[in-house]
């Protein structure tokens, strides 16, 4: 889509939001107290999360806290084309809506959502996304909750964003305040505040170090030589290691395996299958934030490769031991295999 078309689309979304904001809203009674008193013991709640896989995974503590507060609630989750793959891994969800890219398909899904007549619709997207706000506005939820910003007028309750940098898991939990649910602290204090996915971990855990080589973009590829060298170093230190990747990076993975004689986890297009295949690892190393959050959801110590540690400070692994190895603000290739090995050794027993 060209620059002009993108600007036109954004203008249209903003215009629609403005028009929707002109509709009558709850006035003097529109307080947090009014919301909680209006809900039954089994409310229907729509959670709007149509962005990326990692964004969906970091939402799981918020979902679990909501389930604890309303054990009989119908909790639905709206995902988009970019994170639909995570749907079957999400815990505590009664219903999933998948929003396609096409305008016709999206309109059909939104009509289905409106027919459900949800008591509450919560926009979980932390940034001031016009698209997510528009979905919230059109959802038909009797109460609409989101972060304050350009779209504040569409919400029944618009909550202020944190004034200082805050981990995304904790920030998302702030949206539960209207239900009387306290936000998560700087670190999780009980199981419901941790990331979680639905996988079978009954097979137990091996002492394997898993190297996920794939990232969301080419700049997140550490390099065949670096991964191969790390594989050799792990073997030299008597550690079992394996390589995992998305299908499009299989040729890189095969080169690494051939050069280091470590294992290959067969790639799959199913994110749920991928999660199941790596569930037995003892530690996961990855340059990709979606796998960072999957690793945390599996309860794994995690080594994150980042060009700049500061850029992922609010997206670091949540609730598990971790190390961030960075390239000094330059690139991943500035990280040596020895540095990555040291981080792994520090985390493993």
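The values are calculated or read from the model by the stated rules, or taken from the named source; none is laboratory data. Because the structure is a prediction, the values reported are computed rather than measured. Using ideal geometry, Cβ is built from the backbone for each residue, glycine included, and neighbour counts are taken over all protein chains shown.
Taking the criterion of being touching a helix residue (DSSP H, G or I) at 6+ places or on another chain (Cβ under 9 Å), over 20 Å from residue 208 (Cα atoms) and either outside any loop (DSSP other than H, G, I, E, B) or not assigned by TED's automatic domain parsing to the domain that holds residue 282 (or both), the residues of segment 326-349 that qualify are 326, 332, 333.
A count restricted to segment 159-176 and to residues that are touching a helix residue (DSSP H, G or I) at 6+ places or on another chain (Cβ under 7 Å), free of Cβ contacts under 8 Å to residues at least 24 places away in the same chain and surrounded by fewer than 16 Cβ atoms within 10 Å (Cβ to Cβ) stands at 1.
Answer yes or no as to whether residue 30 is at pLDDT below 95, more than 30 Å from residue 320 (Cβ to Cβ) and over 23 Å from the mean Cα position of the chain (by Cα). Taking the combined requirement at face value, the residue satisfies it. Of the residues making up segment 257-264, none is modelled with pLDDT under 95 and buried (at least 19 other Cβ atoms within 10 Å of the Cβ).
Results for (1) surrounded by 22 or more Cβ atoms within 10 Å (Cβ to Cβ); (2) touching a residue at least 40 places away in the same chain (Cβ under 8 Å); (3) within 20 Å of residue 56 (Cβ to Cβ), shown as yes or no for each residue.
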site: 98; (1), (2), (3): no, no, yes
site: 104; (1), (2), (3): no, no, no
site: 110; (1), (2), (3): no, no, yes
site: 123; (1), (2), (3): yes, yes, yes
site: 129; (1), (2), (3): no, yes, yes
site: 135; (1), (2), (3): yes, yes, yes
site: 146; (1), (2), (3): yes, no, yes
site: 151; (1), (2), (3): yes, yes, no
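One residue stands out among those in segment 83-92 that are closer than 16 Å to residue 58 by Cβ and in contact with a helix residue (DSSP H, G or I) (Cβ under 7 Å, 6 or more places away or on another chain): the one that is surrounded by the most Cβ atoms within 10 Å (Cβ to Cβ), which is 86.
On the stretch given as segment 209-222, residues that are assigned to a loop (DSSP other than H, G, I, E, B), surrounded by 12 or more Cβ atoms within 10 Å (Cβ to Cβ) and at pLDDT below 95 total 3.
As for segment 49-71, it holds at least one residue that is crowded, with 20+ Cβ neighbours inside 10 Å and part of a strand (DSSP E or B).
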